[in-house]
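The values are calculated or read from the model by the stated rules, or taken from the named source; none is laboratory data. Since the structure is predicted, the reported quantities are computational estimates derived from the model, not experimental observations. Using ideal geometry, Cβ is built from the backbone for each residue, glycine included, and neighbour counts are taken over all protein chains shown.
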Amino acid sequence: MNILHIDSSPRGATSHSRKMTAELVASLEQTHSNAGVTYRDLGHQPPPFVTEDWQNGAYTPEEQRTPAQSAALEYSDAAIAELLAADIVVIGAPMYNLTVSADLKAWLDQIIRINKTFTADYKGLAEGKKAFVVTASGGGGYGAGEPMEKINFQDPYLRTAFGFIGITDVEFIHVNNTAKGDEAVSESVAGARALIHTATLSSVV
Ligand SMILES: Cc1cc2nc3c(=O)[nH]c(=O)nc-3n(C[C@H](O)[C@H](O)[C@H](O)COP(=O)(O)O)c2cc1C
């Protein structure tokens, strides 16, 4: 069983999403004794942005690409291979300006690629995986039925983007109110830990 573990906070030890993805992956590893983990730290090693060579290369058969186009697609090729090899994907996602960080968006731009993870008639090619998204946000109230739900462009975007490539089994774990003091953070982390426990159990197939 392969786990792809992705962090995208530029922070280190103080990052709440990092702490929680680490706990979730450790918990999954305990449950799945045969688990192998591949790790990508997008917060500290940001993916490259898509370029003209990247785009032209993506629409050109591999054997006809220029060396510059092949080079531009190297990161994407490697990131897609990691994604396709994974059974479970764990993603740490800080909320930045109501959606994902630029680093995570850059990774999504690298892995959502025609003929690799979706077809021209919009069939997802990365099916059969489970994704856990651990978000961290300074504020709160972004959940279903809550006052800020309508301005939460992070959860719906990630659910739709993963669904587009065939990953429809997406579970969210939220650490909210990280900017609201120790008590609020403790409460939020406790809630996330409870969900991690349930999520780990639900990952047993
Ligand atoms: C550039 C930037 C934008 C942010 N935008 C939001 C936001 O829209 N809503 C929110 O609740 N918190 C926002 N925050 C706070 C972060 O979501 C919060 O610090 C979170 O804990 C970051 O995740 P991390 O702890 O894993 O680094 C923002 C922080 C930064 C640095």
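List of remarks:
- Filter result for Y75 (in contact with a Pro (Cβ under 7 Å, 6 or more places away or on another chain) and farther than 27 Å from A179 by Cα): yes
- Residue count for the range 29-38, restricted to those that are assigned to a loop (DSSP other than H, G, I, E, B) and loosely packed, with under 13 Cβ neighbours inside 10 Å: 2
- Residue in the range 74-96 that is closer than 26 Å to Q154 by Cβ, at pLDDT 95 or above, β-branched (V, I, T) and in contact with an Asp or Glu (Cβ under 6 Å, 6 or more places away or on another chain) present: no
- Residues (closer than 22 Å to W107 by Cα, part of a loop (DSSP other than H, G, I, E, B), without any contact (Cβ under 8 Å) to a residue 60 or more places away in the chain and within 14 Å of the ligand (Cβ to nearest atom)) located in the range 130-184: S137, N152, F153
- Residue within the range 9-28 that is away from the ligand (no atom under 16 Å from the Cβ) and either crowded, with 20+ Cβ neighbours inside 10 Å or β-branched (V, I, T) (or both) present: yes
- Put simply, of A93, A106 the only residue that is within 16 Å of the ligand (Cβ to nearest atom) and surrounded by 22 or more Cβ atoms within 10 Å (Cβ to Cβ) is A93.
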